[in-house]
1. Can you find a residue in segment 243-264 that is farther than 14 Å from Tyr192 by Cβ and among the aromatic types (Phe, Trp, Tyr)?
2. So which residues in segment 244-262 are surrounded by 15 or more Cβ atoms within 10 Å (Cβ to Cβ), farther than 14 Å from Ala180 by Cβ and within 19 Å of the chain's Cα centre (by Cα)?
3. Can you report the number of residues in segment 200-243 which are of a type in the set (Gly, Ala, Ser) and either crowded, with 17+ Cβ neighbours inside 10 Å or not assigned by TED's automatic domain parsing to the domain that holds Val257 (or both)?
4. Anything in segment 90-110 that is at pLDDT 65 or above and over 60 Å from the mean Cα position of the chain (by Cα)? List them, or say none.
5. When you scan segment 182-195, do you find a residue that is within 30 Å of Glu166 (Cβ to Cβ) and in contact with a helix residue (DSSP H, G or I) (Cβ under 9 Å, 6 or more places away or on another chain), even just one?
6. Take Glu87 and decide whether it is at pLDDT below 90, in a loop (DSSP other than H, G, I, E, B), among the acidic types (Asp, Glu) and surrounded by 10 or more Cβ atoms within 10 Å (Cβ to Cβ).
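The values are calculated or read from the model by the stated rules, or taken from the named source; none is laboratory data. Since the structure is predicted, the reported quantities are computational estimates derived from the model, not experimental observations. All Cβ positions, glycine included, derive from the backbone under ideal geometry; neighbour counts span all protein chains shown.
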Amino acid sequence: MDVNKIMSADILDLIFEGRNKEYGAYELRRTYNKRILTALLTMIGICILLFIGAVIANSAGKEKKQEMIVQDVELTDVKQQEEKKPEIPPPPPPKVEPPKIEITKFTPPKIVKDEEVKPEEEIKEQEQLEDTKIGAINQEGIKSDVIAPPVEEKGTGVVEAPKVQEEDYDKEFKTVQIQAKFPGGPEAWTKYLQRNLRADVPVENGAPPGRLTVVVSFLVDKDGNISEVKADNDPGYGTADEAVRVIKRGPKWIPAVQNGRSVIYRQKQSVTFEVSEG
């Protein structure tokens, strides 16, 4: 290469002087900067397109978030069943005093002087004795000798207490002295529900944002077995079926107690599913 051309020649021309430039290495090195710039611009363009797509997808519809809340683990305080008090027997009727009958004192005949006769010892005339009884004293009262005093009824003196109806311990109790409870207490019951309930059920069924509360009632028998599990209400979107399913497959409970005996008790539980936008 001429000396004049060396001063103005490219570094690649100097390197490949006298070599086969058609082999490919020369062309690759010559277009290196152009290819790097093209790749960089292409990558930037792809990133911009991905970012715009994510923004559009975000603005088109926000993802729904769901949450499940277990409420009323501890039931309302139960009022103890009032025991029937025996009725107090009525007091006995007041004692009725028999009416007094007029009595005239009998005075045996005695011969004395008139001035020595006392008024109470004076012999009554026959007319005065017709409507009275003769006795040892003088007494004012009813002038009749046929009236008999009323007969006082005498009882045995034993008052029988009213019979108390025997409690039926095979019936379903709604109020008891000791409630049925889950083994481990309310905290264990809450953990069981939260671990087994599927909180995304209402979202999967198209529920709008808000709270959906289900009240479930079930029987706990004398042995602690659960039966007759049913939803007292149904807010929809599969929430009632889900709450019934989880409670129905739960373990045995500790039965309720009334008067020292295990009894059948109806328990209630409310579960709230919460669907929110975020």
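1. Looking through segment 243-264, none of the residues is farther than 14 Å from Tyr192 by Cβ and among the aromatic types (Phe, Trp, Tyr).
2. In the first step, residues of segment 244-262 are kept if they are surrounded by 15 or more Cβ atoms within 10 Å (Cβ to Cβ); the result is 244-247, 250, 253-258, 262.
With the extra rule that they be farther than 14 Å from Ala180 by Cβ, the set shrinks to 244-246.
Across segment 244-262, the qualifying residues are Val244, Val246.
3. Let us first name the residues in segment 200-243 that are of a type in the set (Gly, Ala, Ser), namely 206-207, 210, 217, 224, 227, 231, 236, 238, 240, 243.
From what's left, either crowded, with 17+ Cβ neighbours inside 10 Å or not assigned by TED's automatic domain parsing to the domain that holds Val257 (or both): 207, 224, 231, 238, 240, 243.
Of the residues in segment 200-243, 6 are of a type in the set (Gly, Ala, Ser) and either crowded, with 17+ Cβ neighbours inside 10 Å or not assigned by TED's automatic domain parsing to the domain that holds Val257 (or both).
4. Filtering segment 90-110 down to residues at pLDDT 65 or above leaves 90-103.
Of everything in segment 90-110, those that are at pLDDT 65 or above and over 60 Å from the mean Cα position of the chain (by Cα) turn out to be Glu97, Pro98, Pro99, Lys100, Ile101, Glu102, Ile103.
5. Taking segment 182-195 as the starting set, the residues that turn out to be within 30 Å of Glu166 (Cβ to Cβ) are none.
No, segment 182-195 contains no residue that is within 30 Å of Glu166 (Cβ to Cβ) and in contact with a helix residue (DSSP H, G or I) (Cβ under 9 Å, 6 or more places away or on another chain).
6. On the way: at pLDDT below 90: yes; in a loop (DSSP other than H, G, I, E, B): yes; among the acidic types (Asp, Glu): yes; surrounded by 10 or more Cβ atoms within 10 Å (Cβ to Cβ): no.
In short, no.
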